[in-house]
Amino acid sequence: MYVHLALEEGPYAGEKCERFLNVRFRDGLDFVKDQDVTFPEKGPWPSLTGPITFYDETREIESLYVESNLSPSSQESSNDSNCILPGSDVHREPRSHIFSEGDAPVTQQRSTPPNRPICGLNIGSPITETRSPDAECTAELRRNSASLSGFASSQTHYTSLSAREAVLFRNFVDNMASWTDITDPQRHFEMVAPARALHEPVLRAAILAFSSRHINRQRPDGDTESLKYHNQCLELLIPTLSCNDNEITEELLAAIAILRQNEEMDPQDNQFHLTGTTRILNTISSFGSSGGLGEAAAWLCLREDMYISLTSQSPLRTNLQSFERSDVFTRTDDFAWSNRMVFLLARILSCAFNEESRTRRSYASLKALEDEIDDWNASKPQTFQPVHFVPRGKDAGSRFPTIWTLLPVHVVGLQYYHISKIILALSGCSNPSLPYETLQRSRDAEKLVRSHLLNVLGLAASNPRAENTLFTARHSLVAWGWILRHELDQEAAEELLQYMELKTGWNTSHLIESLREQWQNELVDA
């Protein structure tokens, strides 16, 4: 059953109803015991075993959007006391936790499109009166607090994990935190975020949603449980971000960054959480150099923004000045060196894909960045040198070079170096006359790009511990996979994408189909 609201009055009257989330309802469904009977995308629904009664939810749905009986005292309350995250208090004491599965009462939940305002909704009720933003935030938070009474309470001691939640937490710590911590020597998402999540309902729900998506990746109905936790996280998160006086904590930033990781795996990436993370980083610039979980989350958000910029060749949204005071530019360890390469690539993306990318000034900036990239490569620590290297061969099983590194963090630095060289080659900073170059120069540039791309793919294929680098390989194929013209190279790329989907749960079938179309077009043109 899909629920749609037709707006006949109010500020959104006449607008086409947008379908936000596909939510199917079944009374009494338990996500653990009845996991095998949750509704798949394809296939028949369970047979009915009794009579059907129509239940008119109109009044209850309307009450979620219209608050007509606000008392004068509640309308006069201040932002300091009104815009508080449900399940938390003003003094940042340890927050409550998700109830064990089966303990929470059945509550009504709703999903609101992130591009619509939350506080201040006016559907045009005859009783609607003009209210201050404070009062409207109060009404919104009251509704969310009531609907989430089974999800987060006002206790100061954490609620123990249910058996299912413990499985999801352990899966996140053992298999997924390393994706984020790959350039973080203190491993904040493995060691700090889960501990904080025991007291922070928003962070807890984000981890559960992302982990469920991963652990159920081979199931045809694997998104059902993840969607449940995702909705619970949004119910807590949206009111907090909608009220200006709420403090944006590092736990909230980490939660949104994890939700963005989860969103990236959707077949259609709407980039809702990417918009949220970049706005927070650009508003609260201290996160980029704050240390701790906050800075770790900020670097994750930056890499998420870089992925979109790389694959869509669009300007970077993040203000890079937020990171300039980070200690990665003064430390000398290998993790700092890899983060510097990440930051250099971010600067290249900002310069190469902005509105002035073809101006003389832009070429000069890219030329200066090319010198910095070459300096990084020449002066990087000896530990970045591969411990084992085999050039790519002509046989089907050796189309990528074999490049073993000491640690996953070294793979990141080297991958980002090769991606930087690809963008610089295609941007023409080495030769200002690139737009007018001869056919031979174009072929030379293509060979150079293909060589760097094969190194990016080879680094990911050669270092299975560095699962995060599979994502980077995938993004590179989105951008430049068309340049693989040999059939055996194309088959090797497909095998790598299929392996990535098996390991991480990221659906790659659409990308494989797109690449096949591009490769086929090349054959037709030839």
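The values are calculated or read from the model by the stated rules, or taken from the named source; none is laboratory data. Values in this document were obtained by computation on a predicted structure and should not be read as measured data. Quick reminder, even Gly has a Cβ in these numbers, built from the backbone with ideal geometry, and neighbours come from all protein chains shown. Keep in mind that these areas ignore ligands, DNA and RNA; they rest on the heavy atoms of the full protein, side chains included. Shrake-Rupley method; radii C 1.70, N 1.55, O 1.52, S 1.80 Å.
Tabulated data for the structure shown
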{"read-out": "Stokes-Einstein translational diffusion, segment 183-312 - Kirkwood Rh over all Cα pairs, 1.306 mPa s, 10 °C, in µm²/s", "value": "106"}
{"read-out": "Mean shadow area of segment 243-401, taken as a quarter of the surface of its Cα convex hull (nm²)", "value": "12.9"}
{"read-out": "Accessible surface of segment 374-421, 1.4 Å probe, proportion on carbon and sulfur as whole %", "value": "57"}
{"read-out": "Point-to-point label distance, Gln321-Tyr499, nm (Cα→Cβ direction, 7 Å offset)", "value": "4.4"}
{"read-out": "Amide H partners (placed H, <5 Å) of Arg399, local residues excluded", "value": "Gly393"}
{"read-out": "Solvent exposure of segment 232-376 as accessible area per residue, Å², 1.4 Å probe", "value": "40"}
{"read-out": "Label-point gap, in nm, between Phe389 and Ser314 - each point 7 angstrom along Cα→Cβ", "value": "3.7"}
{"read-out": "Filtered GluC sites (Glu not before Pro), segment 219-328: DSSP coil and at most 14 other beta carbons within 10 Å", "value": "Glu247, Glu324"}
{"read-out": "Sites Thr332 and Ala163, calculated FRET efficiency, Cβ-Cβ separation with R0 45 Å, nearest 0.05", "value": "0.50"}
{"read-out": "Debye intensity ratio I(q)/I(0), log10, segment 157-213, q values 0.13, 0.22, 0.28 Å⁻¹ (C-alpha model)", "value": "-0.29, -0.80, -1.21"}
{"read-out": "Cβ-Cβ FRET estimate between Asp266 and Thr49, R0 fixed at 45 Å, reported to 0.05", "value": "0.85"}
{"read-out": "Added length on full extension, which subtracts the Cα-Cα distance from 0.36 nm per residue, Ser286 to Ser451", "value": "55.5 nm"}
{"read-out": "Filtered trypsin sites (Lys or Arg not before Pro), segment 249-357: DSSP coil and at most 15 other beta carbons within 10 Å", "value": "Arg325, Arg331"}
{"read-out": "Filtered GluC sites (Glu not before Pro), segment 344-406: DSSP coil and at most 14 other beta carbons within 10 Å", "value": "Glu355, Glu356"}
{"read-out": "Accessible-area composition of segment 271-335, carbon plus sulfur, in percent [1.4 Å probe]", "value": "46"}
{"read-out": "Accessible area (Å², 1.4 Å probe, nearest 10) - Trp482", "value": "80"}
{"read-out": "Label point distance in nm, Ala364-Arg219, each placed 7 Å from Cα along Cα→Cβ", "value": "5.9"}
{"read-out": "Chain lengthening between Arg516 and Arg187 when straightened (0.36 nm per residue, less Cα-Cα)", "value": "114.6 nm"}
{"read-out": "Residue-by-residue Karplus 3J(HN,Hα) for segment 505-518, coefficients 6.51, -1.76, 1.60, Hz, glycine and proline x", "value": "x, 6, 5, 10, 5, 5, 5, 4, 5, 5, 5, 4, 5, 5"}
